[in-house]
Structure formats: structure tokens, C-alpha cells
Amino acid sequence: MIAHALLFLVTAMPPFSEATQTAYAQQDVDRLQSLLERASSRADSLLVRYRLYPLTEDAATLKDLPSSLTDGTAREYALLSGLWAYRAGEASLFSVIQYGRRSANLLEKAKARTPDAPFVLLVEGQSLLFRPPIAGKDAKAAADRFERLADVVDEGGSTGITRTEAQVWRCVALNEAGRSDKAAALEALLQKRDLPPLYQQFLDDPPDV
């Protein structure tokens with residue numbers, strides 16, 4: 001009986017990446033910190049840190065980041081690129097160029113492995129959206145990446161990213177690109193849903209880009 005109960009609990013638990021995404025969308029910092037403590041792989045640790053930092057902006061989350069990886073997957077390189085981009089955003093003028101270049105190099109490694117991997121598309125879209133104009137900001141290209149991400153998520157099932165997340169980011173990018181007509185149509189569709197708190201916040205008070 002006990003064995004059957006344990007088996008039920010294990011099978012009922014969502015995959016780590018899905019649990020992390022849910023906690024992020026619900027802005028559940030305590031849950032993310034708990035997931036970080038039990039992350040059993042490099043990939044899981046990078047994923048939780050990537051989701052946790054935007055909610056807390058706690059510099060400790062970015063402590064001891066590796067500058068590169070040995071035999072990293074596209075997903076790992078993309079997540080590490082995103083973490084270095086976060087660090088560049090908080091760095092002094094002396095370090096911001098170094099960290100930004102490191103983030104860009106890691107993203108190129110991710111794209112060289114699997115350009116359509118979900119987290120590669122997500123991080124690349126965010127990079128195109130948030131980088132300074134002098135460094136190649138391109139909101140329209142970002143919107144295209146997020147549109148492709150939504151399709152990839154539909155095709156591949158659970159990846160730790162939902163279609164809703166991809167569409168919310170696309171809405172932000174379309175507005176930034178001056179495509180307010182498309183952004184408004186997409187937002188109208190999204191607002192009909194019961195959105196997780198973070199995504200509702202993104203629509204009501206979009207992040208500064």
C-alpha cells in the first residue's frame with residue numbers, strides 16, 4: 001500500500017521544468033527557492049536561477065556563474081546567456097561590456113546547437129528586446145522569435161515554457177516595435193484568459209525595454 005502511494009505521488013508530480021515555470025508565473029519566490037535547493041543537475045539549477053532572478057533581483061542568485069560550459073546543451077547555453085545578461089544589466093560601466101559580450105557568445109553557442117530550442121528562442125527574443133539600440137536592439141525580430149516560440153511549444157509539449165508566456169512576450173515586443181494594432185489584437189485574446197499573476201502584470205504594466 002505504501003509503495004503504491006509513493007508511486008502515485010511521484011507520477012502525480014509535474015516535471016521539474018514545468019514546476020519551475022508554474023512557480024515563476026505565479027510569482028512564488030519561496031517555491032522557486034525550494035526548487036533551487038533540490039535541483040539535481042546543472043540544467044535544473046540554471047533554469048531555476050534564470051526564473052528566480054527577475055522576481056527578486058537578488059545578486060546572490062547570479063553569484064559564481066560559470067563563464068562557459070563543458071559540453072553544454074543548447075538549453076544550458078541559452079539559460080547561462082540569460083543569466084549573464086541579467087548580470088550585465090546590474091554591472092558597472094567597466095564590466096557591462098565584458099558581461100554583455102559573454103552573454104552574446106553563449107547565445108551563439110546555443111544557436112549553433114539547436115536554434116529552435118525553446119529556451120534559445122526565449123532568451124534570444126529577450127536579448128533582442130532589451131539590448132541597447134547601439135548593440136542591435138530589434139523589437140520586430142524579437143516578436144518574430146516569440147511567435148516561433150509559441151509554435152515550437154505547441155509542437156513539442158511541456159518544455160518549461162507555455163504558449164501563453166511566448167504570446168505575452170510577443171505582445172510586449174510588438175508594442176515596442178510600433179505594431180500596436182497587432183499587439184492590441186493579441187492582448188485582447190490574452191485578456192480573455194485567466195492569466196497567471198506575472199503575465200497579467202506584463203500586460204497591465206509592461207516591463208521597460
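Out of the stretch 160-189, which residues are over 13 Å from A139 (Cα atoms), in a helix (DSSP H, G or I) and touching a helix residue (DSSP H, G or I) at 6+ places or on another chain (Cβ under 7 Å)?
R163, T164, E165, A166, Q167, V168, K182, L186, E187
Taking the stretch 53-103 as the search range and keeping residues that are β-branched (V, I, T) and either under 18 Å from S127 (Cα atoms) or in contact (Cβ under 8 Å) with a residue 40 or more places away in the chain (or both), which one is surrounded by the most Cβ atoms within 10 Å (Cβ to Cβ)?
T73
Give E165, E155 a once-over and let me know the one that is of a type in the set (D, E) and more than 26 Å from E57 (Cβ to Cβ). Before the answer, list the steps.
On the way: E165 fails: more than 26 Å from E57 (Cβ to Cβ).
The match here is E155.
Enumerate the pairs (first residue in the stretch 30-41 and surrounded by 10 or more Cβ atoms within 10 Å (Cβ to Cβ) and at pLDDT 95 or above; second residue anywhere and small (G, A, S) and not in a loop (DSSP other than H, G, I, E, B)) with beta-carbon separation below 8 Å, excluding pairs fewer than 6 apart on the same chain, so at least 6 apart or on different chains.
From residues that are surrounded by 10 or more Cβ atoms within 10 Å (Cβ to Cβ) and at pLDDT 95 or above, the pairs are R31/A19; R31/A23; L32/A23; L35/A19; L35/A23; L36/S45; A39/S45.
Against the conditions (1) charged (D, E, K, R); (2) buried (at least 17 other Cβ atoms within 10 Å of the Cβ); (3) out of contact with any helix residue (DSSP H, G or I) (no Cβ under 7 Å at 6 or more places or on another chain), where does K192 fall short? Just the number, please.
Only one criterion in (1) charged (D, E, K, R); (2) buried (at least 17 other Cβ atoms within 10 Å of the Cβ); (3) out of contact with any helix residue (DSSP H, G or I) (no Cβ under 7 Å at 6 or more places or on another chain) is unmet by K192, namely (2).
So which residues in the stretch 190-199 are under 20 Å from the mean Cα position of the chain (by Cα) and in a loop (DSSP other than H, G, I, E, B)?
L195, P196, listed by residue number.
The values are calculated or read from the model by the stated rules, or taken from the named source; none is laboratory data. If you're wondering where the values come from, they're calculated on a predicted model, not measured in any experiment. Quick reminder, even Gly has a Cβ in these numbers, built from the backbone with ideal geometry, and neighbours come from all protein chains shown.
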